[in-house]
1. How many residues are surrounded by 21 or more Cβ atoms within 10 Å (Cβ to Cβ) and under 17 Å from residue 128 (Cα atoms) when one looks only at the stretch 47-67?
2. Can you list residue pairs whose Cβ atoms sit under 7 Å apart, with the first residue in the stretch 55-83 being more than 20 Å from residue 116 (Cα to Cα) and the second being crowded, with 18+ Cβ neighbours inside 10 Å and basic (Lys, Arg)? Count only pairs 6 or more apart in sequence or on different chains.
3. Could you list, in sequence order, the residues of the stretch 83-114 that are assigned to a loop (DSSP other than H, G, I, E, B) and either in contact with a Gly (Cβ under 6 Å, 6 or more places away or on another chain) or among the acidic types (Asp, Glu) (or both)?
4. For the stretch 71-78, does any single residue satisfy the condition of being among the hydrophobic types (A, V, I, L, M, F, W, C), over 24 Å from residue 22 (Cα atoms) and surrounded by fewer than 18 Cβ atoms within 10 Å (Cβ to Cβ)?
5. One residue is enough: does the stretch 114-122 have a residue meeting the conditions closer than 18 Å to residue 78 by Cα and of a type in the set (Gly, Ala, Ser)?
6. Of the conditions (1) buried (at least 16 other Cβ atoms within 10 Å of the Cβ); (2) modelled with pLDDT under 95; (3) among the aromatic types (Phe, Trp, Tyr), residue 115 fails just one. Which one is it?
Amino acid sequence: MIRLATVLAAFLAAAPALADLTAARAEPNLEKRSRMALDNAEQVLRLAKEAYSQGDIQRTQATLEELRDSVLLAHESLRQTGKNPSRSPRHFKHAEIKTRGFLRQLGDFRETMSWEDRDALDQVRAAIEKVHQELLLGIMGGKKKK
């Protein structure tokens, strides 16, 4: 009975995270959509750690994929604004700081994982690292030379 309650609680905890990404996709304000997606990514990373500590590899992989999707949605939303990140960096800098934190947390999480389970995490980390680099280059880029 206690095991069933634990599984049900874990499922209910995962449900809001999935709904948040759906809500973020529906948000018409691109900057707000980006923040919502990054908030979702933060929740999902926490769920991935919990799932792994419970030994649920499939749920860990699914939540890591949602983490990647959330970060990609946030980045794409910021690009769709058409704003220059070096001239109006507020939202871009927020995303850069968040992705840097995710990379740090994923590195720590990777160290707790078995080497057999690290492949999915490494793929997600690589995608987030690419987004982080693009954000950082956009913010620091300034004017492009002709």
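The values are calculated or read from the model by the stated rules, or taken from the named source; none is laboratory data. Only a predicted model underlies this, so the values are computations on that prediction, with no experimental measurement involved. Positions of Cβ are generated from backbone atoms using ideal geometry, with glycine treated the same way; all protein chains shown enter the neighbour counts.
1. Residues meeting the conditions: 6.
2. 77/33
3. Initially, the stretch 83-114 is screened for residues assigned to a loop (DSSP other than H, G, I, E, B), giving 83-89, 113-114.
Once the filter is applied, which keeps residues that are assigned to a loop (DSSP other than H, G, I, E, B) and either in contact with a Gly (Cβ under 6 Å, 6 or more places away or on another chain) or among the acidic types (Asp, Glu) (or both), the stretch 83-114 yields 85, 86.
4. Residues of the stretch 71-78 among the hydrophobic types (A, V, I, L, M, F, W, C): 71-74, 78.
Narrowing the set further to residues that are over 24 Å from residue 22 (Cα atoms) leaves none.
No, the stretch 71-78 has no match at all.
5. Of the residues in the stretch 114-122, the ones closer than 18 Å to residue 78 by Cα are none.
Among the residues of the stretch 114-122, not one is closer than 18 Å to residue 78 by Cα and of a type in the set (Gly, Ala, Ser), which makes the answer no.
6. Result: residue 115 passes all but (1).
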